[in-house]
Amino acid sequence: MKKFLNITLSVSVLCLFFSCSKDNEPEQPEDPKLELYYAYQDTTRHLLSDNDVIAINLGDTFSIFADITNITGDNLVILGKNSFEYEKTGDSSYQFVAQKAGLFNLGVFTYDQETGEDFITYFDVDVSSSFFYEILMMEDPVFSIDTESENLKDAIQTELEDSYVPKSLYLTLITLTCSTITGGDLQFVSDEDETALGTFTTSNVLDLTDITMYYNNFAYAFTLEKQSDIGPNHYLSKQELTEEFRAKYPTETINEVTIATSSLIYKINKKN
């Protein structure tokens, strides 16, 4: 019995020795790696691998987060970010806003300063324009010209009719195809089915508070004032030209030169 107890005690001591030796062994460090995550529309982070595609809409915001393990140095580089409006939001995170429609390649790159080893992940961002605008001009332009000289008033009216408004606006349907956050292509279709093409710019296609139409070798700049008291889609398209004509006629008294047109504006979502 005594011999059995000695054997049991010896085995216990050996087990304790090997257990302590194992606990004292240093943990092996993880291999160096770069892992990417993205978040879009919600705060959930999704793992991002080589050649993945993030599908978003024009004007949308998404974020990229880098998880860097056992890589020496602070040298994270975003490749292709100039296709977006972006800002750094943390030590290894960026926020992007889609500024134009298309398929864009982004990459996240870093390297280990001690070993010189490179780490890079490429992915695509597919930006779609999910909407367009239709503008229906409900009347011909209304000219407001306030000067002290009737002759000058007649001269300004003639100049406005010749150079400052597109022809035949009444019942003209204007389609705005948004390809960037600040503009795109436009199409005029008159009530007589005459079609003309041009381009447009705006401060932001998501809000559309102003628009400059480039058509017939001229630029027509409007501000858009919503007329909610008339209807949800009613706007007053207005060209403010007072300062421009004061500069043209510096010796004359010009109180107002504006062009206003009543219009209906519809934002139409594209079908998937």
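Using Cα pairs under 8 angstrom and six or more residues apart, how large is the relative contact order of the chain, in percent? Show your work: numbers first, answer last.
Details: 543 pairs, mean separation 39.9, N = 272.
Relative contact order comes out at 15 percent.
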field: Inter-probe distance in nm under a simple model that places probes 7 Å from Cα toward Cβ, at GLU194 and LYS248
entry: 2.3 nm
- line: The relative contact order of the stretch 33-128, taking Cα pairs under 8 Å that sit 6 or more residues apart, comes to a percentage of 34 percent
query: Residue-wise, which Karplus ³J(HN,Hα) couplings in Hz belong to the stretch 129-146, taking 6.51 cos²θ - 1.76 cosθ + 1.60, θ = phi - 60°, and x for glycine or proline?
result: 8, 8, 8, 8, 10, 10, 10, 10, 6, 8, 7, 6, x, 10, 8, 10, 10, 10
- prompt: Hey, if you put +1 on the Cβ of every Lys and Arg and -1 on every Asp and Glu Cβ in the stretch 121-254, which of SER130, TYR214, VAL189 ends up farthest toward the positive end of that dipole?
  reply: SER130
query: Residues with amide H under 5 Å of TYR215's amide H, sequence separation 5 or more or different chain, H placed in the peptide plane at 1.01 Å from N; which?
result: TYR220
- prompt: Taking the simple approach of a point 7 Å from Cα along Cα-to-Cβ for both THR258 and THR115, what is their distance in nm?
  reply: 6.8 nm
Pair GLU139, THR69: separation of 7 Å Cα→Cβ label points (nm): 6.9 nm
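Arranged by the count of other C-beta atoms within 10 angstrom, fewest first, what order do LEU197, LEU103, LEU236 take? Write down the numbers at each step before the final one.
Numbers: LEU197 9, LEU103 12, LEU236 16.
Placing the least packed residue first, the sequence is LEU197, LEU103, LEU236.
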Relative exposure of ILE56, ILE181, ILE230, judged by other C-beta atoms within 10 Å (fewest first): ILE230, ILE56, ILE181
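Under the definition of Cα pairs under 8 Å and six or more residues apart, what whole-number percent is the relative contact order of the stretch 131-269? Please report the intermediate quantities before stating the final value.
Working: 296 pairs, mean separation 41.1, N = 139.
Computed value for the stretch 131-269: 30 percent relative contact order.
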task: Under 12 Å Cα to Cα from LYS153, which aspartates and glutamates show up? Leave out anything in the same chain fewer than 8 places away.
output: GLU252, GLU256
message: Calculate the FRET efficiency for GLN95 and PHE218 from the Cβ-Cβ distance with a Förster distance of 41 Å, rounded to the nearest 0.05.
response: 0.60
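For a Förster distance of 41 Å, can you work out the FRET efficiency between the beta-carbons of GLU85 and SER149, rounded to the nearest 0.05? Intermediate values should be presented prior to the final figure.
Details: r = 48 Å, r/R0 = 1.17.
Efficiency, from the Cβ-Cβ distance: 0.30.
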Centroid-to-centroid separation of the stretch 72-102 and the stretch 148-226 [C-alpha atoms, Å]: 36 Å
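Indicate the gyration tensor shape class of the stretch 212-272 (rounded, prolate or oblate), computed on the Cα atoms with a ≥ b ≥ c the square roots of the eigenvalues: a/c under 1.5 is rounded; otherwise a/b larger than b/c is prolate and the rest oblate. Let's see the in-between values first.
Details: a/c = 4.78, a/b = 1.87, b/c = 2.56.
It comes out oblate by the Cα gyration axes.
Could you pull out the GluC sites (Glu not before Pro) across the stretch 151-205 that fall in loop regions by DSSP (anything but H, G, I, E, B) with no more than 16 other Cβ atoms inside 10 Å?
Values: sites: GLU159, GLU161, GLU192, GLU194; in loops: GLU192, GLU194.
Loop-located and lightly packed - GLU192, GLU194.
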field: Eligible aspartates and glutamates near LYS100 by straight Cα distance, threshold 20 Å, same-chain separation 8 or greater
entry: ASP52, ASP60, GLU85, GLU87, ASP124, ASP126, GLU134, ASP185, ASP207, ASP210
- request: Report the residue, chosen from ASP140, ASP126, ASP191, that carries the largest GNM mean-square fluctuation when the chain is represented by alpha-carbon nodes joined by springs under 10 Å.
  value: ASP191
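For LEU103 and ASN269 in one chain, what is 0.36 nm times their gap in residues minus the Cα-Cα distance, to one decimal in nm? The partial results should precede the final answer.
Values: separation 166, 0.36 × 166 = 59.76 nm, distance 2.01 nm.
Roughly 57.8 nm would be gained on extension.
Quick note: the coordinates plus some simple rules give every number you see, no bench work behind them. Only a predicted model underlies this, so the values are computations on that prediction, with no experimental measurement involved. Positions of Cβ are generated from backbone atoms using ideal geometry, with glycine treated the same way; all protein chains shown enter the neighbour counts.
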